[in-house]
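Below you'll find the structure, written out as structure tokens, and then a few comments.
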Amino acid sequence: MRNSDPTPATTGWTIGTDVGGTFTDLWLRSQDGQSWVCKSPTTSDVVTGVVNAVHLAAQTAGLDVADLCSRVTRFGHGTTVGLNALLTGRAVRTGLLTTRGFGDVLEIGRLRRGTAGLTGLELGDYHLRGQIPPLVPRTLVQEVDERIDTDGVIRTPLDLVSAGEAIGRLADAGVEAVGICLLWATENPYHEIAVASLVRELLPDAFVSVSHEIAPSVGEYARASTTVANAALGPIAGHYLTRLEAELAALGMTAPIMMTTSAGGVVPASTVTQRPVNGLLSGPASCVVAGQKLGQALGTSHVLTMDVGGTSFDVGVVVDGAPLISEQVTFGGADMRVPSVDIASIGAGGGSIAAVDGGVLTVGPRSAGAAPGPVCYGKGGTQPTTTDADLVLGVLDPEAFGSGGIVLDRAAAEDAIQNTIGMPLGLDAMAAARAIRVVFDSAMADLLRAVTIERGHDPREFTLIAGGGSGPSHAWALCRELGLDGFVVPPTATAQSAYGAGTSDLKTTASRTSYVRLPSGVEPSPNDVATIAAAVADTKRRALAEMPGADLSAVTFSASVRYHGQAHHLDVALPDAPDLSAVADLLRLFEKEYEQLYGKGAGFREAGFEILSVRAVATREATTVDAGVQGEPFTRLGSRPVVFDDPARPDDTGVFACRWPAAGQDLEGPCLVQLPGCVVVIPPGGRATTDDLGLIHVTVGA
Amino acid sequence: MTATSVSTPTLTDDPVVRQVIRSRLVAITDQMRLALQSVSGSPTVTEASDFFTGIYLPDGEFVTMGHQVTFEAPPVGSLIRHLLANGTQLKDGDRIIGNDPFVGALHQNDVQMCAPLIVDGELVGWAGVMAHETDMGGMDFASWSPKATEVWQEGLRIPAVKLVDGGELRQDVLDMLLAATRLPAQVGLDIRAFIATLNVASERLTDLCHRYGSALVLSVMGSMVDDAETQVRARLRELPDGVVHTRDFLEHDGHNNVLYAIDCVLTKTGDRLTFDFSGSSPQARGFVNCSRAGLAGGVAGALIPTLGFGIPWNDGLLRPVDVVAPDGLVCTAVPPAPVGSATVEAVWVVSNVVSAALNRLLLASPKYSHRAQAVSSGTMATFNLSGLDRHGQLFGLHLMDPLAGGFGAFGDHDGQDAAGPINAPCPSIADVETNEQKNPLFYHYRRLAPDSGGAGRRRGGVGAEVGLTISVPEAEALVMTHGVEVPNSAGLGGGLPGGTIRQGLAKDGGAPRNLGPKPGAFPMTPDDLFHVTWQGGGGIGDPLDRDPFLVLEDVRRGVVTEEAARTTYGVALTATGDVEPSSAAYGRRKLRAARLGVDADSLADPVPVETEVPDGAIRLSDRLVAIHDADSGDWQLRTLDGAVLSSGSTRWREGAHRFAMSLPTTVGDSLHDELAVTGWACPLTGALLAVDVHSRDEDPFHDIELDFESLTALNRRDQQS
């Protein structure tokens, strides 16, 4: 806590919240730039946990709750885990209406559903396949007589009688939400609109989602999956937000709720009520956006964010000041067309279990989770985890771990590592613990390589921002693996998503198909340009329609381009109101970026081009606050032996603690800095300095 | 103190460093996949994962493979061995291309490239890549010609040619290759993708060698293969010893509708396997053959997923395997035999019989019976289309939708619907919309095909079916398959085979005409409707042992019709759509009585299939039990209901009730003239023990002769654990 100003301003305060599986994180900033981080247990109804966190924040800031709430002008909120749990457990009974002949779209699932969720060796075990049911059971999928073709031409007119009967069967089955996904509705939405209005007439209480609005892209499996997921979540999200708004209002909060989205950024809560599917993976996205913001403050446009939680290692990439976006994610075993910050992830985190099988040491993807948890938690875990290894190596302090007040059992961790890992490999406990750490670090480094080097980026040009409970203690080893000089740890390292929710820009996206095929040697025609310009105008209108204060927003456009026949495309920048020369430029830019990515000479214009779709992104920058608030100096707690490279020769390592670092401090490695919920490891030869944002800059030496 | 100043264990012994290198090799293989998929222009690669990437030892054994088509595991190794045997001079930066089925490719469409990894003058290994190209020239589009009688009429053959020489692309060679194909744009993009993929692998592997030393990297690569071998041998020792005999057929060689048998005698001893294909038919006149390379691919394709679960996939899995067969068979064809459609004909059927044989051993093993699987998608019915697209450009389509066949049932759960064949670990097909956007196609439906899953206690997954036409004035279709008249997706332990392929063409809105297995090329217009239903997976166990409520659920989901529920499963439904209570008992007894040709009223019901077997007895399948008879001192094969079928051997058919069986219409109504179906039932209760599809002129053979001593040893071991 850095409550140095006795009379903080009475308005302009910011709250960011993020609901995780275990904790609801809250980040609070006063108008003059003081920050606090609080954690409160997540509750099954989600809302109570958020309200509890607000109470805790008020207490932490030394304010009455009503007083705090009256000062808040921005309330950012992400409920990734809440929504996810709701989707899997409590989603409403949802039906799907499709084109006659294609009712098995979710059953067939492009054959991809059978292997969804399987990774690594599991993919070679066919006995594990096909465990994930379709999002909507076949009995709740009904077909409608109609058909539109790729040009949007009606080939079979909509038969309203068959549609009425189909809806009647869904009504009989008691559905509360209906998704509508008809073939080629992206090119001609007429039938979807007509079916939707019939549903609203026959099932007035049902929540209705139509595919051309929810996921306007070619490819019916992902479009249908996204549409039904949205429909299933709609009633819940609406109910949830209504309750949250009411409870916060009761506390005296007048700031509108801004919800985080998977695409990074926030939107007004009313938008999410209609498009809840856009919030599905918003937590990790907020974390990347937080890194992007820090990058701005540091004056760097290339940022790598890493978040090492209990079960996963998530990496985000910010290039030229913007997070990389992918348009498809896998959720609940289904492909979803949701514009999302591109998060690369592996199942490796603090709870990942280490094991020796056939003489080979592996770490993850199995996780001990929160229960039973690592062996050292003493809650019944018997299989050693990376957290146990960190404890044995001296990185973690048994007495000061996390905020739960747990005392870690080092002896138990050491025994488990010795028996499970050391014995089969012929190593002592310390060497075995180091082995676990090295294998864990190497898996993380492989992922960092995959998102940088394999995409044509030099990782050394990036600033690595380490977050999550285990990120700041492992980042030094990753830097050495990848040849980075060092990394940065924000004081909010364990609550980066909440920080992101509080600081993200308002951002809305809209996309639509704009299929143009240009065979080899054929220049774009005025017709082609008209197709693209119409899509640009339409996406601009829709992106701005959901943006409060549209006139304060900047809009950027991109088009998806590929060589004909390819499945992968590149998103290439496009100006507003493109003309003939802008489209020609688009193709040139595509070829340039393509060669940058795949190497000189990789391009092959003889295949011709395809321009698939256009996306508009409207952004309204969040107001920023000056830094320059005083933190506190590092307190030296003592020292302890920590193993870095040689398990037989631990280094005597100074241990420091701090809640929010003051600027201008300088520590020489080896040392540890204990922040709330995490430990920053500065290796021998390394150094840690601090700046006026409270960031710890670590260099790792040779 | 820094990392370099500390003493660590000697590098070659440090298990941590070794594990780091292992992980890097796997990661590099995945990066190869990404590079290939990103740049490729072939739907077979981008949408369907019909390709292969791997890293190889200097001698050509593969160390890693992506989760891609398992048939394609051996071929690049053969290309490498060919280069080594020829003493080809290799230097850093060489990229060699090949596609010759008499060197190592499965057929000419499978274009392979490899790169020697030379670090500091030493050959440390290889990177390899291959993918299916839609057209590599030849007398007909797609390089698959039913008319061909000689391999020279098919696609261009490239034995092994340096396409990139020391880092320099040989444009003259590339021009020659692209001149041979009807789809130079697609093949051109793919060859660029191959080179990019090999460059990625080469750079990363060189980095790895520079960091850890080539000797250590090589040593780790070697131990990865050794470890997989050790693990699969341990697994083999958990299966009973003995001889298993399986046979499958493919009909029509492009010229005549004759039947070709692929016959597999598997001898399993300890931790070794010998597959003998000597009993297969002589090579065909038409393009259905495969070369010896195809045989190796077919064996690997089935063996890797069937025995390699939980083990990293590499050549170690194939080390315990011997393959025996003389030259000149349909699965060891030699020139001039054409082999254009090898992958979906002879190779595929080899994989069917290997899967059927290995799964009989799994089914008879106490540890693995729950994961024994019936045959999946016993064919891939190809649909190719070519002509001018709406832009006036030549197009060529190799439709990947036919991957959507059904999965074979497992011992403990139903086969997945539309799951794909076992040779595809990550199967995928394109969306209907994507296919319509990229090609001049117009679908009328793409859906699951009811009753196409093999009936059984555990049902085989149903296959999918499509009805489609074209959206340009004209185009030429090329359609061929086997499995229209042969139910290739065999069942296991009394389970029925999955449904056969049905394909037809309705001209100008008229009635559909059955196209048979190999109509070959024919013109299409937008007024024609082509329809095809793909094979479902085989079932496991007697369909009359299936829980009636699971049958009811199948009916509600639309994957089993009410008619099939009644006639195949003996489950009648009431008007309100519930199970008719009496049907599950009496209806089923009538069906069993019909098998035995006796009166239902006098027939005893079988004991439930869940009935525990006595101590010391071993279950070979749902209702067959090997038991040591104290009175005679002999081993006997008995049914679960107590009928003694054989003594002193597992040739249980000797005492089973044999009957001419009629298969459900989706499976049996188009059976080839030369085939017959025989059912085998318990003489006491009529419970179904096995279904044999065999040559009309030959009696069914005994499919399993197990070694009792090894059975006993396994059973003891299982009980102890």
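Could you list, in sequence order, all residues of region B:600-628 that are over 32 Å from the mean Cα position of the chain (by Cα) and within 24 Å of B:LEU362 (Cα to Cα)? Result: B:VAL607, B:PRO608, B:THR611, B:GLU612, B:VAL613, B:PRO614, B:ASP615, B:GLY616, B:ALA617, B:ILE627, B:HIS628. In region A:106-128, the residues that are over 27 Å from A:THR362 (Cα atoms) reach residues that are charged (D, E, K, R) with C-beta atoms within less than 6 angstrom, at least six apart or across chains, in these pairs: A:GLU107/A:ARG138. When A:ALA297 is tested against (1) in a helix (DSSP H, G or I); (2) crowded, with 24+ Cβ neighbours inside 10 Å, only condition (2) is not met.
Quick grid of which residues meet (1) without any contact (Cβ under 8 Å) to a residue 24 or more places away in the chain; (2) farther than 18 Å from A:LEU324 by Cβ; (3) assigned to a helix (DSSP H, G or I):
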| position | (1), (2), (3) |
| --- | --- |
| A:LEU464 | no, no, no |
| A:ALA477 | no, yes, yes |
| A:ARG480 | no, yes, yes |
| A:PHE487 | no, yes, no |
| A:GLN496 | no, no, yes |
| A:GLY502 | no, yes, yes |
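Those strands (runs of 3 or more DSSP E) of region B:91-175 that lie entirely within it include none in which at least 3 residues are of a type in the set (D, E, K, R) and away from chain A (no Cβ under 14 Å).
Only one of the numbered conditions (1) more than 16 Å from B:SER23 (Cβ to Cβ); (2) out of contact with any Pro (no Cβ under 9 Å at 6 or more places or on another chain); (3) surrounded by 22 or more Cβ atoms within 10 Å (Cβ to Cβ) is violated by A:VAL363, and that is (1). Considering region A:4-45, the residues that are under 29 Å from A:LEU281 (Cα atoms) and among the acidic types (Asp, Glu) include one that is modelled with the lowest pLDDT, namely A:ASP45. Filtering region A:529-548 for residues that are touching a Leu at 6+ places or on another chain (Cβ under 7 Å) and more than 25 Å from A:HIS212 (Cβ to Cβ) leaves an empty set.
Could you go through region A:98-114 and let me know if any residue there is part of a strand (DSSP E or B) and at pLDDT 95 or above.
yes
When region B:188-206 is limited to residues that are touching a helix residue (DSSP H, G or I) at 6+ places or on another chain (Cβ under 6 Å) and more than 9 Å from chain A (Cβ to nearest Cβ), the one that is farthest from B:VAL39 (Cα to Cα) turns out to be B:ALA201.
Just one of the numbered conditions (1) of a type in the set (D, E, K, R); (2) farther than 30 Å from A:ASP357 by Cα; (3) within 10 Å of chain A (Cβ to nearest Cβ) is not true of B:GLU345: (3). With the structure loaded, tell me whether A:ALA607 is closer than 30 Å to A:ALA432 by Cα and at pLDDT below 95 or whether it fails that test. Considered against the rule, which asks whether it is closer than 30 Å to A:ALA432 by Cα and at pLDDT below 95, A:ALA607 comes out as no. The criterion of at least 1 residues that are under 22 Å from the mean Cα position of the chain (by Cα) is met, among strands (runs of 3 or more DSSP E) falling completely within region B:428-537, by B:441-448, B:464-470, B:475-480, B:502-506, B:529-533. Only one of the numbered conditions (1) modelled with pLDDT of 90 or more; (2) crowded, with 17+ Cβ neighbours inside 10 Å is violated by A:PRO575, and that is (2). Among residues of region B:541-560 being surrounded by 23 or more Cβ atoms within 10 Å (Cβ to Cβ) and within 13 Å of another protein chain (Cβ to nearest Cβ), the one that is farthest from B:THR666 (Cα to Cα) is B:ASP554.
Whether a residue is under 35 Å from the mean Cα position of the chain (by Cα) and within 30 Å of A:GLY347 (Cα to Cα) was assessed, and A:GLY179 does not pass this test. Checking region B:475-486 against the condition returns no match, with no residue being more than 19 Å from B:VAL349 (Cβ to Cβ), buried (at least 24 other Cβ atoms within 10 Å of the Cβ), of a type in the set (D, E, K, R) and more than 9 Å from every other protein chain (Cβ to nearest Cβ). Among the residues of region A:357-372, those identified as under 19 Å from A:GLU122 (Cβ atoms) and in contact (Cβ under 8 Å) with a residue 12 or more places away in the chain are A:LEU361, A:THR362, A:VAL363, A:GLY364, A:PRO365, A:ARG366, A:SER367, A:ALA368, A:GLY369. The single residue among B:VAL200, B:VAL220 that is part of a helix (DSSP H, G or I) and either among the charged types (D, E, K, R) or closer than 19 Å to A:GLY358 by Cα (or both) turns out to be B:VAL220. One residue is enough: does region B:19-41 have a residue meeting the conditions in contact with a strand residue (DSSP E or B) (Cβ under 8 Å, 6 or more places away or on another chain) and more than 14 Å from every other protein chain (Cβ to nearest Cβ)? No; the residues of region B:19-41 include none that is in contact with a strand residue (DSSP E or B) (Cβ under 8 Å, 6 or more places away or on another chain) and more than 14 Å from every other protein chain (Cβ to nearest Cβ).
Condition check ((1) closer than 20 Å to A:ASP692 by Cα; (2) surrounded by 17 or more Cβ atoms within 10 Å (Cβ to Cβ)) across all residues:
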position: A:VAL643; (1), (2): no, yes
position: A:ASP646; (1), (2): no, yes
position: A:ALA657; (1), (2): yes, yes
position: A:TRP660; (1), (2): yes, yes
position: A:GLY664; (1), (2): yes, no
position: A:GLY669; (1), (2): no, yes
position: A:GLN674; (1), (2): yes, yes
position: A:GLY677; (1), (2): no, yes
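For region B:418-439, check the following and say yes or no: at least one residue is within 14 Å of chain A (Cβ to nearest Cβ), on the phi > 0 side of the Ramachandran plot and in contact (Cβ under 8 Å) with a residue 12 or more places away in the chain. Checked against the condition, which is being within 14 Å of chain A (Cβ to nearest Cβ), on the phi > 0 side of the Ramachandran plot and in contact (Cβ under 8 Å) with a residue 12 or more places away in the chain, region B:418-439 yields at least one hit.
In region A:533-583, how many are more than 28 Å from the chain's Cα centre (by Cα), more than 16 Å from A:ARG517 (Cβ to Cβ) and not in a loop (DSSP other than H, G, I, E, B)? Residues meeting the conditions: 7. Of the candidates A:VAL277, A:VAL267, A:VAL228, A:VAL288, the single residue that is closer than 16 Å to A:THR79 by Cβ and part of a helix (DSSP H, G or I) is A:VAL277.
The rows are residues; the columns are (1) surrounded by fewer than 24 Cβ atoms within 10 Å (Cβ to Cβ); (2) within 14 Å of chain B (Cβ to nearest Cβ); (3) more than 29 Å from A:ASP151 (Cβ to Cβ).
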residue: A:GLY500; (1), (2), (3): no, no, yes
residue: A:THR503; (1), (2), (3): no, no, yes
residue: A:ALA510; (1), (2), (3): yes, no, no
residue: A:SER520; (1), (2), (3): yes, yes, no
residue: A:ALA530; (1), (2), (3): yes, no, no
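Within region B:572-593, being surrounded by fewer than 14 Cβ atoms within 10 Å (Cβ to Cβ), farther than 16 Å from B:ASP545 by Cβ and of a type in the set (Gly, Ala, Ser) holds for B:ALA575, B:GLY577, B:SER582.
The values are calculated or read from the model by the stated rules, or taken from the named source; none is laboratory data. Here the structure is a predicted model, which is why all the values come from computation and not from measurement. Here Cβ is always computed from backbone atoms with ideal geometry, including for glycine, and neighbour counts include all displayed protein chains.
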